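Throughout, read-outs are computed from the coordinates displayed, never taken from laboratory work. Predicted, not measured: the structure shown is a model, and the values here were computed from it. So basically every Cβ, Gly included, is an ideal-geometry build from the backbone, and we count neighbours across all protein chains shown.
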Amino acid sequence: MDHLNLRHLHYFWMIARNGSIVRAAEILKLSPQTLSGQLATLEANLGNALFQRRNRSLQLTNFGQTVFTYARRSSRAFRRWTICCSNHRKHALSTCP
């Protein structure tokens, strides 16, 4: 798992939320090929498929559902952290809740 980062998790989360690599790529302003490659890298590093691919349709595998739960939690925590940092800069707060 040497080449994983938050971006991989975010890309996976966007694909899962939108049910489509093409739709997620449009939102992320990436090519579908780039996003598909990032997903393949994530799956290879995790050693498991995250989606079942059927006729241009994606369905989360059981493993993918578990990863999605963690990705959702991580995304929420990251958003709270960035808001806290922004507030800290604006108001010179010493701590974040």
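For the chain, what's the relative contact order in percent, using C-alpha pairs closer than 8 Å and at least 6 residues apart? Could the numbers behind the result be given before it?
Details: 72 pairs, mean separation 22.3, N = 97.
Over the chain, the number comes to 23 percent.
In Å³ and rounded to a whole number, note down the convex hull volume per residue for the Cα atoms of the chain. Kindly include the intermediate steps, with their values, before the conclusion.
On the way: hull volume 11.1 nm³, N = 97.
Value for the chain: 114 Å³ per residue.
Between T34 and N62, what is 0.36 nm times their sequence separation minus the Cα-Cα distance? Round to one decimal in nm. Walk me through the numbers on the way to the answer.
On the way: separation 28, 0.36 × 28 = 10.08 nm, distance 2.46 nm.
Using 0.36 nm per residue and subtracting the Cα-Cα distance, I get 7.6 nm.
At 27 Å minimum axial length over the Cα atoms and a Kyte-Doolittle cut of -0.5, report the qualifying DSSP H helices in the chain, or say none.
Values: long enough: 62-91 (44 Å, -0.97).
Membrane-span-like by this rule: not one helix.
What 222 nm value per residue comes from the helices of the chain, counting each DSSP H run with n ≥ 4 as -39,500 (n - 2.57) and dividing by all residues, nearest 500 deg cm²/dmol?
Numbers: 4 runs with 66 residues, N = 97.
Helix-only estimate at 222 nm: -22500 deg cm²/dmol.
How many nm is it between the label spots at V22 and N87, if each spot is 7 Å from the Cα in line with the beta carbon?
The two pseudo-label positions are separated by 4.2 nm.
Amide H of L60 versus every other amide H placed in the peptide plane: which residues, excluding those fewer than 5 positions away on the same chain, fall under 5 Å?
For L60, whose amide H was placed from the backbone, the distant partners under 5 Å are Q52.
Suppose each label sits 7 Å from its Cα in the direction of the beta carbon; what would the R7-S74 distance come out to in nanometres?
1.4
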